[in-house]
């Protein structure tokens with residue numbers, strides 16, 4: 001998940017990219033995974049579902065809630081980062097990360113006016 005701010009990439013919060021590959025016996029796996037952590041699947045569909053879509057859905061369900069906020073931080077020299085936190089953790093996170101680095105905070109979900 002990429003955070004864009006003022007037309008540029010601010011931070012990458014999580015990645016769900018998959019490089020579908022097959023081994024010599026026909027098992028499917030992700031070419032981005034390190035050899036020790038590769039998991040093999042019976043089909044490409046199973047690879048995409050279990051290795052990509054299900055983790056993405058879990059991440060979205062955990063982070064895209066009305067009680068979550070995105071905080072943007074940046075330092076001299078263009079180092080930038082972002083965090084998603086619960087609303088009650090906005091101020092403690094700003095203090096922990098450094099108020100001088102704090103740029104902006106906004107809710108993950110903005111309700112449209114009725």
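Each reported figure results from applying straightforward, stated rules to the coordinates on display, with no laboratory input. Bear in mind the structure is a predicted one, so any value in this text is a computation, not a measurement. Glycine gets a Cβ as well: all are built from the backbone with ideal geometry, and neighbour counts include every protein chain shown.
Where strands (runs of 3 or more DSSP E) fall wholly inside the range 13-88, the ranges with 2 or more residues that are touching a residue at least 60 places away in the same chain (Cβ under 8 Å) are 68-75, 79-86. Screening residue 94 on (1) more than 30 Å from residue 25 (Cα to Cα); (2) touching a residue at least 24 places away in the same chain (Cβ under 8 Å); (3) over 18 Å from the mean Cα position of the chain (by Cα); (4) outside any strand (DSSP E or B) shows it passes everything except condition (2).
What number of residues within the range 45-54 satisfy the criterion of being surrounded by 15 or more Cβ atoms within 10 Å (Cβ to Cβ) and under 14 Å from the mean Cα position of the chain (by Cα)? Counting residues in the range 45-54 that are surrounded by 15 or more Cβ atoms within 10 Å (Cβ to Cβ) and under 14 Å from the mean Cα position of the chain (by Cα) gives 1.
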